[in-house]
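Working notes for the structure below.
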Amino acid sequence: QSTKDTRSRAATRPHRICVTADVVNEHVVPELVLSTPVSAGKPDFRNFMAPTLTDFDDMVQAAFTVLPKKYTHLCDAVMIQVKDFPDRETLEKVHSKDKFGVLGTFHGLAQFKAENPSTGHLPNRIFLYRYPILYFLAGRQVPLDAIITHVLVHEIGHHFGLSDEDMRVIEGRE
């Protein structure tokens, strides 16, 4: 069975695909790392606070704006949102009981099928989950913006009809 056949069947119905902590842990694409300024001297964490939903949304939008335009212009109709956690329905759809294990999800039809949208379908949506991403960040030597960018790119890949297996092949992990 070819990958194209699998994508065609999967794209004919709305679906939810997610990126989990294991997927990001295996491979964060170094070319997509946004530069993060580092202050001279020791960091002062006395007033450190986790980014708010608004701050996180700003980081996601910043990550989106630096992606190649040849892809992002095909995402104009995609709603990209930040939530604290995936909801129960999403966890059930992706077969996860761990609300900290799902970093992002794609909800909708693959872009190549969306040219003839059926009535009754919601617009394609990408969700990034703030607390699971921050939990994943803890103890790793990877900048937060790199993780956000990787999760965003992964979910955009689903928008284009790529499966998790397709992306592992593209990233050279299979």
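Subtracting the Cα-Cα distance of D84 and Y135 from 0.36 nm times their residue separation leaves 17.2 nm of extension gain. A full extension of the chain between K93 and T52 corresponds to an added length of 12.1 nm, given 0.36 nm per residue minus the alpha carbon distance.
No lab work stands behind these numbers, since they all come straight from the coordinates. What you see is a predicted model; the values in this text were computed from it and never measured.
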